[in-house]
Protein chains: 2
Amino acid sequence: MDEVPGSVGTSASFSLRLGQTMFASASLLFMSLGVEFYSYTAFCYLVTIMGLVIPWSFTLALVDGYSVLVKCPIRQPGILLIIVVGDWVLSTLTLAAACSTASVVNLLLNSHGSICPPKFCNRYQISAVMAFLSWFLSFASSLFNLWLLPSL
Amino acid sequence: MDEVPGSVGTSASFSLRLGQTMFASASLLFMSLGVEFYSYTAFCYLVTIMGLVIPWSFTLALVDGYSVLVKCPIRQPGILLIIVVGDWVLSTLTLAAACSTASVVNLLLNSHGSICPPKFCNRYQISAVMAFLSWFLSFASSLFNLWLLPSL
């Protein structure tokens, strides 16, 4: 069976997972360090989703690292299906959270009056960008794994 | 070759496409009938995306209806791939637009002061719900077609 680069148990997948964890953590930190995020539903939602993405990606990064070290990738269709479905669900939720955050930040920036202090708004923007990057990597992971699935 | 229900050229797919067109048109109408939607980036984005989804879904509904009538479904892998990729891209964009609209409406409703007259806000909410329904049907279509793709 040919190896799909980026599927579970390869070093490319390990890098993707590490990137997801890093960007999701950065997004969470930039959002949580601002003190006003409880006032907006979209920001609370982003924090919740990032709290789900970080352990998921980190666990899979550990699995990938272990697979690369022992040179024995996971090839059980059941486990792979769970990973693919989990990736799809989480990447959809991440996209939703990133879009909500971006649109709320945009609205806060454009509204007249000083709703949003510039210091906080910049943080919110960086947080939204990090969430988009995390979504992109998560989407790539799930595509690669989905590609591998029919060949098992 | 076994028939996948919901893939291109079946009556289930025809219903899915009709539903997408209907919900996307409803979302567009509810948004455009409010007079203030130009002020918000998220609402303009929703209108743009719905303007893309409606012709796409309507064209594919026509193709499906024709295929059902002449009992000759499309089975060229190239065409199917274009349909799958187009569906994925449009469903991702629809999800992004629906989430942005929903979060902006939520922010407008919760902010103190009378930013949003109740009459308009209800319309915006209905528009967001319609966009979510359209996304759900579009996602279902693309999953069914993706399922068919490896068997060709």
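For segment A:78-95, the Karplus equation 6.51 cos²θ - 1.76 cosθ + 1.60, evaluated at θ = phi - 60°, returns couplings of x, 5, 4, 5, 4, 5, 5, 5, x, 4, 4, 4, 5, 5, 4, 5, 5, 4 Hz by residue, with Gly and Pro reported as x. Each copy carries residue B:126; placing its label point 7 Å along the C-beta direction from Cα gives inter-copy distances of 4.3 nm, listed from smallest up. Exposure here means at most 16 other Cβ atoms within 10 Å; with trypsin sites (Lys or Arg not before Pro) in a DSSP loop as sites, the longest stretch of chain B lacking them is B:76-152. What would the Debye formula give as log10 I(q)/I(0) at q = 0.10, 0.12, 0.15 Å⁻¹ for the alpha-carbon point model of the protein assembly as shown, no solvent? Log10 I(q)/I(0), no solvent term: -0.63, -0.87, -1.17.
Once every DSSP H run of n ≥ 4 in chain A is given -39500 (n - 2.57) and the sum is divided by its residues, what mean residue ellipticity at 222 nm do you get, rounded to the nearest 500 deg cm²/dmol? The partial results should precede the final answer.
Numbers: 4 runs with 118 residues, N = 152.
When only DSSP H runs of four or more count, the value is -28000 deg cm²/dmol.
Within the listed set B:79, B:49, B:126, the Gaussian network model of chain B (springs between alpha-carbon atoms below 10 Å) gives the highest mean-square fluctuation for B:79.
Working note: Karplus 6.51/-1.76/1.60 with θ = phi - 60° gives segment B:137-148 the couplings 5, 5, 5, 4, 4, 5, 5, 4, 5, 5, 5, 6 Hz, where Gly and Pro are set to x. A Cβ-based charge dipole, computed about the Cα centre of chain A with Lys and Arg at +1 and Asp and Glu at -1, lands at about 200 debye. Summarising the label geometry, the points placed 7 Å from Cα in the beta-carbon direction at residue B:85 and residue A:110 lie 3.1 nm from one another. Most fluctuating residue of B:62, B:107, B:46 in a GNM of chain B with Cα springs under 10 Å: which is it? With Cα springs under 10 Å in chain B, the top fluctuation among B:62, B:107, B:46 is at B:107. In order along segment A:39-51, the phi-based Karplus estimate (6.51 cos²θ - 1.76 cosθ + 1.60, θ = phi - 60°) of 3J(HN,Hα) comes to 6, 10, 4, 4, 6, 4, 4, 4, 4, 4, 5, 5, x Hz; Gly and Pro are listed as x.
In a DSSP loop and with at most 12 other Cβ atoms within 10 Å, there are no chymotrypsin sites (Phe, Trp or Tyr not before Pro) in segment B:83-143. Measuring nothing but alpha carbons in segment B:11-145 and taking Rh as the Kirkwood radius, the Rg to Rh ratio lands at 1.07. Mean per-residue shielding of peptide B:89-100 is 4, counting Cβ atoms of other chains within 10 Å of each Cβ.
A short reminder: the numbers here are calculations on the coordinates, not readings from a lab. Here the structure is a predicted model, which means the values were calculated and not measured. All Cβ positions, glycine included, derive from the backbone under ideal geometry; neighbour counts span all protein chains shown.
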